[in-house]
Amino acid sequence: MGFRLPRIVNPKQSLKRTLSFSETTVVPKGHFAVYVGEVEKKRFVVPISFLKHHSFKNLLSEAEEEYGFNHPMGALTIPCSEEAFLDLIGSLQSS
């Protein structure tokens, strides 16, 4: 009896299935919503465990510098491209 190796999945496709970007999604316990994008803002629901990562904290510092506590979307807004955000989140999920 053999075993099967997991197939390699494109990390961005996997992230898009893992993270939620629906405006109507209820934020589950242990997660929080952020808006990401330079022009069009897209909503993501991410686990609070990301808050312990230095690189995610850097994004939050950038958000504070850019928006202070007055976020235009009514929730935390991250001032970076969606692709850069997905790359960062991918690296956090694999660590």
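The values are calculated or read from the model by the stated rules, or taken from the named source; none is laboratory data. Computed from a prediction, not measured in an experiment: that's the story for all the values here. Cβ coordinates were reconstructed from backbone atoms using ideal geometry, including for glycine residues, and neighbour counts include every protein chain displayed. Surface accessibility is based on the protein's heavy atoms, side chains included, excluding ligands, DNA and RNA. Shrake-Rupley method; radii C 1.70, N 1.55, O 1.52, S 1.80 Å.
Computed quantities for the displayed model
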{"quantity": "Residues (farther than 16 Å from Ser91 by Cβ, touching a residue at least 24 places away in the same chain (Cβ under 8 Å) and of a type in the set (A, V, I, L, M)) located in the range 29-64", "calculated": "Ala33, Val34, Val45"}
{"quantity": "Filter result (assigned to a strand (DSSP E or B), of a type outside the set (A, V, I, L, M, F, W, C) and touching a Ser or Thr at 6+ places or on another chain (Cβ under 9 Å)) within the range 37-95", "calculated": "Arg43"}
{"quantity": "Output for the range 43-61, where each listed residue is of a type in the set (A, V, I, L, M) and either open to solvent by less than 50 Å² (accessible area, probe 1.4 Å) or over 14 Å from the mean Cα position of the chain (by Cα) (or both)", "calculated": "Val45, Val46, Leu59, Leu60"}
{"quantity": "Qualifying position, being under 19 Å from Gln93 (Cβ atoms) and at pLDDT below 50, among Thr18, Thr25", "calculated": "Thr18"}
{"quantity": "Residue list for the range 62-79, filter: under 15 Å from the mean Cα position of the chain (by Cα) and either at pLDDT 90 or above or open to solvent by 80 Å² or more (accessible area, probe 1.4 Å) (or both)", "calculated": "Glu62"}
